[in-house]
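The values are calculated or read from the model by the stated rules, or taken from the named source; none is laboratory data. Because the structure is a prediction, the values reported are computed rather than measured. Cβ sites come from the backbone with ideal geometry, for glycine too, and all protein chains shown count toward neighbours.
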Amino acid sequence: MSWDATDPDPDLLRDARESVVEYAPALAELTPGRTGNLSVRDGDAVAVTPTGVPYDSFDADDVPVVSLDGERLAGRMAPSSEVPMHTGIYKHDRPGAIVHTHSPWATTMATLGRKLPPVHYMIVSVGREVPLADYAPYGTEELAANAVAAMAEAGSDAAILANHGLVVTGPDIETAVENTHHVEDLCRLYLRASAVGEPTVLTDDQLATVEERFESYGQQPAADGE
């Protein structure tokens, strides 16, 4: 697809585009070079990081906006080559945001062909495991289909992409970035533990208890009259 430097609709998804700018530098902590990408969905359109540029070198006017079919709607820069994966996931379960990285520990799992089992209770931030999605070339609809299938079967908000990296979804970009860090840290923990022995895996009953406790975790709204 050819791309020019004009923005056909500079006001489209303005908040989402500003969120992409705000959180794109977080990719530098997670992935080497310019290999990561993230997106924010608003309705049937998606603001996504531009392709091949440093994470801190673009502004909201540059941020590409595409339809769920990949059609350019706004933005002065060309979108990430992984748009098919982002839009494919959005079409399936419509999360609010997606983060894709080649973070070192999750990518190590990807090259080993391993899923992440529930070795620590924090895994419930994305599900009861992080499944392994079958390999497919980057930037393809096949990769999107493999990621969607793996996450759906496992009931997970994340997937390790075989011989590739990691994809994490969330209701908003802040949560998606935070959970990407959780998964990366748990991959590191699992691989370090595996170098010493066989990690103990939490049972379904234990995970169910954690899920229940997480429902009341953090600051809760005060009851009437308090």
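Would you check if Val119 is in contact with a Ser or Thr (Cβ under 8 Å, 6 or more places away or on another chain), touching a residue at least 24 places away in the same chain (Cβ under 8 Å), in a loop (DSSP other than H, G, I, E, B) and over 16 Å from His86 (Cα atoms)?
So Val119 fits the description; yes.
Among the candidates Gly70, Gly36, which residue alone is under 23 Å from Tyr135 (Cα atoms) and surrounded by fewer than 19 Cβ atoms within 10 Å (Cβ to Cβ)?
Gly70
I'm trying to understand the selection: among the residues of the stretch 15-33, which are of a type outside the set (A, V, I, L, M, F, W, C) and buried (at least 17 other Cβ atoms within 10 Å of the Cβ)? Don't jump to the end; show me each part of the working.
To start, the set of residues in the stretch 15-33 that are of a type outside the set (A, V, I, L, M, F, W, C) comprises 15, 17-19, 22-23, 25, 29, 31-33.
The answer is Arg17, Ser19, Tyr23, Thr31.
Just checking, how many residues over the stretch 88-112 are of a type in the set (Ser, Thr, Tyr) and either crowded, with 23+ Cβ neighbours inside 10 Å or modelled with pLDDT under 95 (or both)?
2
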